[in-house]
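Here is the structure we will look at, set down as structure tokens.
The values are calculated or read from the model by the stated rules, or taken from the named source; none is laboratory data. This structure is a prediction, so every number in the text was calculated from the model and none was measured. Here Cβ is always computed from backbone atoms with ideal geometry, including for glycine, and neighbour counts include all displayed protein chains.
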Amino acid sequence: MRNYIESTLIKPLNKLMANVMVATPERYSDILFRMQIEEGIHFENAENVYEQVKSNIENDVGVPPVQRELMILMEMECAQEIEKTLHARNWCLAEADEGDYFVTSDRPVNLIWKDGRPVPPGFGVLGIIVAFAVSQKLLLVGEFGGKKGRTIAPSEFVAMFNGVIISHAFERIFAANIHFKFRTAEGSVYTGEKIFNY
């Protein structure tokens, strides 16, 4: 996930900001002047290397790399906000009925729209269930205003959840056996034996 955020969000944003800095020689000079006044940084012959700096940025040379510490800081800040929404949810432990099994993946926590829409936007949105398998028979489900306690999960729900887990997995799916059921986006229900053909 770190690599995904870095490559699709932070690096392009860094490059965009760097391009803005060198959009014109005047803007470049103005930024250097402000850095000298506000931060006391002096650049030797900086005015004379404008074209080289611009070329480097256009060719991805000189665009600052994303520091690992920055990524960890962002994750920690996000985790604090997500934690607030998790505490605000009611939690229910759903048990798979006889013959049904939950699967998990390398992306074990999933957000699911209650009305079946694809791609939920985030942890703090009403109408979204947060769910993750605790074991092959137990699933923890969190919902704003949802019921608390323990319940038996209908076979259709188990298949739906397993289908979400499979479709959201990065690379790996984990199951206790091949007898689990999963539902595809088209609504077909299969057992684990079919997973390699799907």
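Checked against the criterion of being of a type outside the set (Asp, Glu) and closer than 14 Å to residue 167 by Cβ, the range 131-143 contains one or more residues that satisfy it. Residue 93 meets each of the listed conditions (1) exposed (fewer than 11 other Cβ atoms within 10 Å of the Cβ); (2) not in a helix (DSSP H, G or I) apart from (1).
Evaluated against (1) under 22 Å from the mean Cα position of the chain (by Cα); (2) in contact (Cβ under 8 Å) with a residue 12 or more places away in the chain, residue 116 falls short on exactly one condition, (2). The residues of the range 174-198 that are surrounded by fewer than 19 Cβ atoms within 10 Å (Cβ to Cβ) and under 23 Å from the mean Cα position of the chain (by Cα), listed by number, are 174, 184, 185.
Of all residues in the range 187-198, those that are in the same structural domain as residue 176 (by TED's automatic domain parsing) have Cβ atoms under 8 Å from Cβ atoms of residues that are in a loop (DSSP other than H, G, I, E, B) and at pLDDT below 85, 6 or more apart or on another chain, in 190/198.
Yes/no matrix, rows are residues, columns are (1) touching a Ser or Thr at 6+ places or on another chain (Cβ under 7 Å); (2) of a type in the set (A, V, I, L, M, F, W, C); (3) within 30 Å of residue 148 (Cβ to Cβ); (4) modelled with pLDDT of 80 or more:
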{"residue": "57", "(1), (2), (3), (4)": "no, yes, no, no"}
{"residue": "66", "(1), (2), (3), (4)": "no, yes, no, no"}
{"residue": "72", "(1), (2), (3), (4)": "no, yes, no, yes"}
{"residue": "93", "(1), (2), (3), (4)": "no, yes, yes, yes"}
{"residue": "97", "(1), (2), (3), (4)": "yes, no, yes, yes"}
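Of all the listed residues (134, 119, 164), the sole one being aliphatic (A, V, I, L, M) and exposed (fewer than 13 other Cβ atoms within 10 Å of the Cβ) is 119. Residue 107 passes every criterion in (1) farther than 19 Å from residue 5 by Cβ; (2) at pLDDT 90 or above; (3) touching a helix residue (DSSP H, G or I) at 6+ places or on another chain (Cβ under 7 Å) apart from (1).
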